[in-house]
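J.: I'd like to ask some things about the structure below.
Please treat every number below as a calculation from the coordinates, not as lab data. Everything numeric here is computed off the predicted structure, so don't read it as measured data. Glycine gets a Cβ as well: all are built from the backbone with ideal geometry, and neighbour counts include every protein chain shown.
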Ligand SMILES: Cc1cc2nc3c(=O)[nH]c(=O)nc-3n(C[C@H](O)[C@H](O)[C@H](O)COP(=O)(O)OP(=O)(O)OC[C@H]3O[C@@H](n4cnc5c(N)ncnc54)[C@H](O)[C@@H]3O)c2cc1C
């Protein structure tokens, strides 16, 4: 659902082609995708194929093998990924944003093309056992050693941590929070696959760094400016989260409607009950509202405006809408949906993960409350 983006004549044909293409990809590979997801496996070949088709590099200029698009293209691809249960390119898109905003020419030459085409798998090593929502407790350290750095720390919950070729490692240096692009073949790195309930196509891992030696050229951005590098990417990637959530909600509701319009109960179809129709109306309007907020943020970004409040609002609305839609799906399908290894269960689990990962619902609400309380006039409340 792209209520505003679709109204832009310059984008309509591309959105139509993309939604069709990714829908076909999902149909062709449904069984492989479902088997991999339920087995907690990263389907690298399908990921590469998405890269070859141009869907992993939405933000990367064409000269580096990307689509050369903007936030709108990124959002459309992410929503269709959720809508068709595909392998998420969300982590790759974040890698692109980091490199484009902060990378040196050498770093871009080394990593950007591969990340955009799916040949290189990227991950981000930020969270630790005691440092999730807040960086203050981060224990990973980066210590200068001559012209090099030695990196040590234990990271957890890392999507593609055991499958990636390069990771962005955040650690505390003398100057403060600093991040490094680390080649995963370097000595001193160990990974252990973990089993999250959702987003298992980009499965998680614990990643241990023990005195990993990297040159200063691996540092991304200035030492001590880790928070700035983090925010410049996450302000935009929240829209990717929001879009995937909207897509997941749409998928759940669409599957349930397919079933319920053909399911006879007594002498009526399920969708003939008015109580069910209201449930559908409520779920659809929530998805539409989230889509409008997401599109608004994408358009504001293209105008060069600060979009932090808009992206945060979009993610919060998308979490609520996706949960409402997946809940409504159970009202439509009844016992048929209440088994493991059904798409309804997979979707609920993916939504629960996206409610926390990439900035939790509570952190979104903290930020929105802060902005509203600090600037009630701009929020229309004074
Ligand atoms: C499946 C999955 C994939 C992930 N992928 C990655 C990844 O690829 N790379 C990476 O670095 N990290 C990743 N994460 C980590 C994710 O970013 C963190 O889980 C998230 O930041 C929350 O941190 P936490 O789990 O430690 O919760 P905590 O920080 O311990 O918080 C616990 C609860 O308290 C709430 N809370 C925290 N602070 C506040 C507050 N100030 N006010 C109100 N409520 C608050 C939180 O929202 C949460 O519900 C992933 C997590 C999961 C589950």
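J.: Compute the label zone of residue 379 within the range 303-324: residues whose backbone N is under 13 Å from the point 7 Å along Cα-to-Cβ.
T.: 309-310, 313
J.: Then there's this: If packing is taken as the average count of other Cβ atoms within 10 Å, what order do 45-55, 150-160, 22-32 fall into, highest mean first?
T.: Packing proxy ranking, top to bottom: 150-160, 45-55, 22-32.
J.: Also, I was wondering about something else. I need the peptides 326-334, 223-231 ranked by packing, meaning the mean over residues of other C-beta atoms within 10 angstrom, with the highest value on top.
T.: Packing proxy ranking, top to bottom: 326-334, 223-231.
J.: Quote the Stokes-Einstein diffusion coefficient, in whole µm² s⁻¹, for the chain, based on the Kirkwood radius over alpha carbon pairs, a temperature of 10 °C and a viscosity of 1.306 mPa s.
T.: 74
J.: Relative to the longest principal axis of the C-alpha atoms of the chain, give the angle of the C-alpha long axis of helix 9-28, reported between 0 and 90° and rounded to the nearest 10°.
T.: The angle comes out at about 90 degrees.
J.: Which angle between 0 and 90 degrees, to the nearest 10, do you get for helix 308-333 versus the longest principal axis of the chain when only C-alpha atoms count?
T.: Approximately 40 degrees, to the nearest 10.
J.: Now for a different question. Summing -39500 (n - 2.57) over the DSSP H runs of n ≥ 4 in the chain and dividing by its residue number, what mean residue ellipticity at 222 nm do you reach, to the nearest 500 deg cm²/dmol?
T.: -16500 deg cm²/dmol
J.: For 294, 263, 190, which order do you get if you count the other beta carbons within 10 Å of each Cβ and list the fewest first?
T.: Lowest to highest Cβ neighbour count: 190, 263, 294.
J.: Report, largest value first, the span of the C-alpha coordinates of the range 58-141 along each principal axis, in whole Å.
T.: Ordered largest first, the range 58-141 gives principal extents of 39, 36, 21 Å.
J.: What FRET efficiency comes out for the pair residue 129/residue 109, r = Cβ-Cβ distance, R0 = 30 Å, nearest 0.05?
T.: 0.25
J.: Continuing with this model, one more query. Of 239, 338, how do they rank once you tally other Cβ atoms within 10 Å and put the fewest first?
T.: Ascending number of Cβ neighbours within 10 Å: 338, 239.
J.: With both partners inside the chain, how many of the DSSP beta bridges are antiparallel, as a percent to the nearest 5?
T.: Of the beta bridges lying entirely in the chain, close to 85 percent run antiparallel.
J.: Which order do 63, 175 fall in if you start with the one that has the fewest other Cβ atoms within 10 Å?
T.: Least to most surrounded, the residues fall as 63, 175.
J.: Please find, in a Gaussian network model of the chain (springs between Cα atoms separated by less than 10 Å), the residue of 100, 177, 186 whose mean-square fluctuation is greatest.
T.: Judging by the Gaussian network model, the answer is 186.
J.: Most mobile of 126, 141, 276 per a Gaussian network model of the chain (Cα springs, under 10 Å)?
T.: Between 126, 141, 276, it is 276 that shows the largest mean-square fluctuation.
J.: If you don't mind, another one. When the Kirkwood radius is taken over all Cα pairs of the range 123-222, what Stokes-Einstein diffusion coefficient follows at 4 °C and 1.567 mPa s, in µm²/s?
T.: Stokes-Einstein gives a translational diffusion coefficient of 96 µm²/s.
J.: Between residue 366 and residue 231, what is the label-to-label distance in nm when each label sits 7 Å out along the Cα-to-Cβ direction?
T.: Label-label distance for residue 366 and residue 231, simple model: 1.4 nm.
J.: Which residue, 298, 131, 318, tops the fluctuation ranking in a GNM of the chain built on C-alpha contacts under 10 Å?
T.: Residue with maximal mean-square fluctuation among 298, 131, 318: 131.
J.: Classify the range 5-121 as rounded, prolate or oblate, taking a ≥ b ≥ c as the square roots of the eigenvalues of its Cα gyration tensor: rounded when a/c is under 1.5, otherwise prolate if a/b is larger than b/c and oblate if not.
T.: oblate
J.: According to the square roots a ≥ b ≥ c of the eigenvalues of the Cα gyration tensor, what is the shape class of the range 227-374, taking rounded for a/c under 1.5, prolate for a/b larger than b/c otherwise, and oblate for the remainder?
T.: prolate
J.: Report, in degrees rounded to the nearest 10, the 0 to 90 angle that the Cα long axis of helix 274-302 makes with the longest principal axis of the chain.
T.: Approximately 30 degrees, to the nearest ten.
J.: Once both labels are modelled 7 Å past Cα along the beta-carbon direction, what's the residue 39-residue 63 spacing in nm?
T.: My value for the distance between the label points is 4.3 nm.
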